[in-house]
Amino acid sequence: MALTGTRTYVGFGFGAIQAGLFLYEAYRSGNFRRLRVAEVLPDMVLNLRRAGGTYALNIAHPDRVESVRVGPVEIYDPAVALDRERLVDALSEAQEIGTAIPSVAYYQSAGPGSLHRLLAAGLGRKSSDGDREAVVYTAENHNHAAEILEAAVLSALPPVEQDAVRTRVQFLNTVIGKMSGVLSDLDTIREHGLATITPGDPRAFLVEAFNRILISRVRPRSAGEPPFRRGIEVFEEKRDLLPFEEAKLYGHNATHALGAYAGALVGAQRIADLQAIPGALPFLRAAFLEESGEALVRKHAGVDPLFTPQGYTHYADDLLARMTNPNLLDTVERVGRDPARKLGWNDRLVGTMRQALGQGVAPRRYAFGAAAALATLDRSILEGTVTAEALLHPIWQSASPREHEQAAVLSLIEAGLHQVRTWCASGCGDLELFWRIVADD
């Protein structure tokens, strides 16, 4: 499919979300004339240029994996002066921009190729032309990524230009529930017949087909005028993203992590293996609905049909099927990596427990998951040679939790740890049956 539209899209970071979501959806919308992206890995830049700007994307459906080609995409290395100049030109003409980099911490750096400086230069130039407007999608999995990026960009502009950029450019938060990854294991790539990114790059993008992405509502140009028209039309605008961000973190992410850490206890290799572990999926579904769902439906009742018993049940069942899609090839190791971060006071496991406790719900299954995550962090906790508090105190210290809330969470995790040890000692039988027996004791 040729690029036949009139718009320009510019992305930062050529990873799975950029390639498998932003660039792909811009490409297939038919609304864009030029697709451009910045990438800091020189080999990725060189390989895409050698391939004429076209890359392969593998899309996991429930019954198959589809390989498609996307492009041409113009790629630039921000460390190269000439590429920086071209990026600034591209940004000045772009109507839609998307950042998909590892963290909001990478928005600013010391060098001239810093993302915030490039955006400031390009958007400052754009703001001098009153007919040019743009939106910037931020995909860094942070509730306030848009606000952080906007502040960084404005700080790099002269005060006289800041108001013009505020008027012409909107920074939007996103809720991206699309599972994706970059595969580097050649045997896996060959075994499943995946297309590599380019002929010169042995890695492969693999993303799920899901594309229902939520974004902040785009404000009207001025009173009485219609809102900015987006070329990536598939995204869905919401007036308030926070409830949906909480559903993703404390529902999707929390249950994904719970499955990974429970799977790790029995040596599962892939998330899809959870389907073959007796009682695992019923256990995860009960956690999703009775703990996460019960809490968030109470908290956000009336906001959206999602936050009803029926809406949240559909959400949970859809996600559990998607998480365990064998064509996604998702690994327990990937989903469970960095357990210290995922045990953070405000992160998916402990954060979900706190949300539940705040709504009068006992989050005992997620406490089991937190205990299993501690076993991934330090296996000796299963032998009782180290306590949950000793491992969690340094993780939580910077959040300064209130003493009574910390005590309540710790008590639940200690109980969960006892249940993890008991389940493992009993041979890791049917998890939900085990749990119901424990719950009845």
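Values computed for the structure shown
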item	result
At 0.692 mPa s and 37 °C, Stokes diffusion of the range 243-440 via Kirkwood alpha-carbon radius, µm² per second	198
Net charge contributed by nearby residues that have their C-beta within less than 13 Å of LEU118 (K/R +1, D/E -1)	+1
The range 227-326: GluC sites (Glu not before Pro) in DSSP coil with no more than 13 other Cβ atoms inside 10 Å	GLU233
HN-Hα J in Hz across the range 52-58 - Karplus 6.51, -1.76, 1.60, θ = phi - 60°, x for Gly and Pro	x, x, 9, 10, 9, 10, 9
Helix 364-377 axis, angle to the chain major axis (alpha carbon atoms, nearest 10°)	80
Trypsin sites (Lys or Arg not before Pro) within the range 36-131, DSSP loop, no more than 12 other Cβ atoms inside 10 Å	ARG64
Sparse-neighbourhood loop sites, trypsin sites (Lys or Arg not before Pro) in the range 336-441 - DSSP loop, at most 10 other Cβ within 10 angstrom	ARG402
Antiparallel DSSP beta bridges within the chain, as percent of all bridges there, nearest 5	35
Distant-in-sequence amide H partners of GLU237 (H built 1.01 Å from N, under 5 Å)	ILE215
The range 317-329 - phi-based ³J(HN,Hα) in whole Hz, Karplus 6.51/-1.76/1.60, Gly and Pro as x	5, 4, 5, 4, 5, 5, 4, 9, 4, x, 6, 7, 6
Local net charge near ARG270, Cβ-Cβ under 15 Å (Lys/Arg +1, Asp/Glu -1)	-4
Amide H partners (placed H, <5 Å) of GLU74, local residues excluded	LEU35, ARG36, VAL37
Spatial extent of the range 203-288: Rg and Dmax, with the Cα atoms as the point set, Å	18.8, 60
Relative contact order of the chain, pairs being alpha-carbon contacts under 8 Å that are 6 or more residues apart, as %	13
Relative contact order %, the range 292-361, counting alpha carbon pairs below 8 Å whose residues are six or more apart	42
Taking the convex hull of Cα positions in the range 7-239, its mean projected area over all directions (nm²)	12.8
Formal net charge of residues neighbouring TYR107 (Cβ-Cβ distance under 12 Å; K, R +1; D, E -1)	-2
Relative contact order %, the range 243-440, counting alpha carbon pairs below 8 Å whose residues are six or more apart	28
The range 203-249 and the range 400-414: distance between their alpha carbon centers, rounded to Å	36
Rg over Rh [alpha-carbon atoms, Kirkwood Rh] for the chain	0.99
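All of the numbers you see were taken from the coordinates with simple rules; none came from a lab. Values in this document were obtained by computation on a predicted structure and should not be read as measured data. So basically every Cβ, Gly included, is an ideal-geometry build from the backbone, and we count neighbours across all protein chains shown.
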